[in-house]
């Protein structure tokens, strides 16, 4: 990586003047002579030399000469001015070292907005660094950025004072760089009360009853003791966000929640939610002083949880008490789902644990494969968890790292039910399937330039029209259903549903869609990685489900692509809450508390999980569920790993 060393001296007098920018001016030379006298009292010489004496310590010092052709000095005022990286929109020269110094009048700050931004992804050697000074001093660093940013997520920076330095450092890799504009803004005078708040909230806040709130909250309930309530909103001049929406109502303080349970926070919930083991009030007041029944576990914090949550390797109590004392016996090993098996069952090439965890990390004998080995193209077996596309060649033929140009999001980024809007290019493998004049009906994912992956139930319907390829259109690179500019629209050449699909149980709920014309991979269209049959998506892992389905049960469909973070639920719990309806070709994901889930219209869309090296893999396909985001009713997904061989057989992917 590139290290830049610098020093600085702050002059309290005289006042800044543009004449000091000219080293030939009399004013500059006079100050320089004064400084030479002052510095002479502290000056020392560092002598760098070579001798014949051997030393165990050495270093190399590279001094990069700043090109006068790439050094700029600007004065900011209230008029917006534009500047760009060298040769933008073409690629900047290799080994660029550029600086932009910006000054504003006293009492003003500097605002810089990057309209376009494309630097190499690796910030070690290529980056834009911005400082609250005129020298690249790390103590005054505001931010260091690289990569490609979408137009909906621009980089915007405001200085704390009236000076700013912007550095562009690049190696041999060239990118288009950036286009930016700057102006000056009046610095806000911060009161003492705001300074106290900044220690915890930093930027924007609302103030109610003397308390300040900031950040992201799913729900905030505040009640007053009088018939008036004042809400104050404060915003600074840097970043903006979506803000808030408030619903207010009046209530009788003697009986604030008629026929319901009154939370300490002031929120009203249904009586049956009191002492049900879930934090419905969000302040735990509905779960205090409760008595757990025989089918529940009593957590150390007083919560009641279902007995099958105990020792499932998920902190369901919140204080981890349901995961304590879960060790197996001396001659036993614990499975991923919490069950205990004899030690001799580990690595016996048999699936003794229900989740197969006893065979996942085993080292097989040379040339011996088991059901949990990654199989190379040359028939060699690698006994390593998730060996594919992990940037390490484990197969002698390198086949575990082939076909890995997938699962990446070219754009940089700072809930379906309980979800939120996605950004442009945030999920470049997401596809919208439109049926005749009905608009969006199902989702799909891009797995190559010719193939999409979706659910079988989107096409096998009582109405045979859903099987006709001419009735479907696919939209890739789409975010807003109302804006289809720059979206890749394709017709279908073929619809292939799994021959074992069961419309009653939704088993084998998978389909492959062949496109009539290939896709062009761009910043907003890119394939997702398909996992190997032995890929492990551990219980408790965070994944994302995306789609344009209804925003709530029985509600209207979303116009903007929604995203929701969900957890993988272990198979034992999944089977219990679904009363045995889940087959080995299915998996559960979501939250048993409800609130976040896929919904109608998301069918066929992807459930994706991020690997340790940053690759995104498709774990599941949205299949079925009871309602949307209901408690103890998680979303059910087609398990892609179980059907990976069928996908390869059809598509050769």
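The values are calculated or read from the model by the stated rules, or taken from the named source; none is laboratory data. As the structure is a computational prediction, the values presented were derived from the model and not from experiment. When we count neighbours, we look across all protein chains shown, and the Cβ atoms used for this are built from the backbone with ideal geometry, even at glycine.
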* To do: Determine whether residue 131 is at pLDDT 90 or above and touching a helix residue (DSSP H, G or I) at 6+ places or on another chain (Cβ under 9 Å).
  => yes
Fill in: Residue within segment 202-217 that is touching a helix residue (DSSP H, G or I) at 6+ places or on another chain (Cβ under 6 Å), outside any loop (DSSP other than H, G, I, E, B), over 30 Å from residue 148 (Cβ atoms) and modelled with pLDDT of 80 or more present
yes
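Per-residue answers, yes or no, for (1) surrounded by 13 or more Cβ atoms within 10 Å (Cβ to Cβ); (2) out of contact with any helix residue (DSSP H, G or I) (no Cβ under 6 Å at 6 or more places or on another chain); (3) assigned to a helix (DSSP H, G or I):
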{"position": "449", "(1), (2), (3)": "yes, yes, no"}
{"position": "457", "(1), (2), (3)": "yes, yes, yes"}
{"position": "460", "(1), (2), (3)": "yes, yes, no"}
{"position": "484", "(1), (2), (3)": "yes, yes, no"}
{"position": "489", "(1), (2), (3)": "yes, yes, no"}
{"position": "492", "(1), (2), (3)": "yes, no, no"}
{"position": "505", "(1), (2), (3)": "yes, yes, no"}
- Query: touching a helix residue (DSSP H, G or I) at 6+ places or on another chain (Cβ under 7 Å) and either outside any loop (DSSP other than H, G, I, E, B) or within 30 Å of residue 258 (Cβ to Cβ) (or both), is that true of residue 281?
  - Reply: no
Over segment 218-243, the set of residues exposed (fewer than 12 other Cβ atoms within 10 Å of the Cβ), in a loop (DSSP other than H, G, I, E, B) and either modelled with pLDDT of 80 or more or under 25 Å from the mean Cα position of the chain (by Cα) (or both) is 218, 219, 226, 227, 228, 230, 240, 241, 242, 243
Inside segment 508-542, the number of residues satisfying the requirement of being modelled with pLDDT of 95 or more and not in a loop (DSSP other than H, G, I, E, B) is 6
Scanning segment 604-635 for residues that are at pLDDT 90 or above and in contact with a helix residue (DSSP H, G or I) (Cβ under 8 Å, 6 or more places away or on another chain), the one surrounded by the most Cβ atoms within 10 Å (Cβ to Cβ) turns out to be 604
Residue count, segment 264-304, condition more than 30 Å from residue 248 (Cβ to Cβ), modelled with pLDDT of 80 or more, surrounded by fewer than 18 Cβ atoms within 10 Å (Cβ to Cβ) and in contact with a strand residue (DSSP E or B) (Cβ under 9 Å, 6 or more places away or on another chain), comes to 5
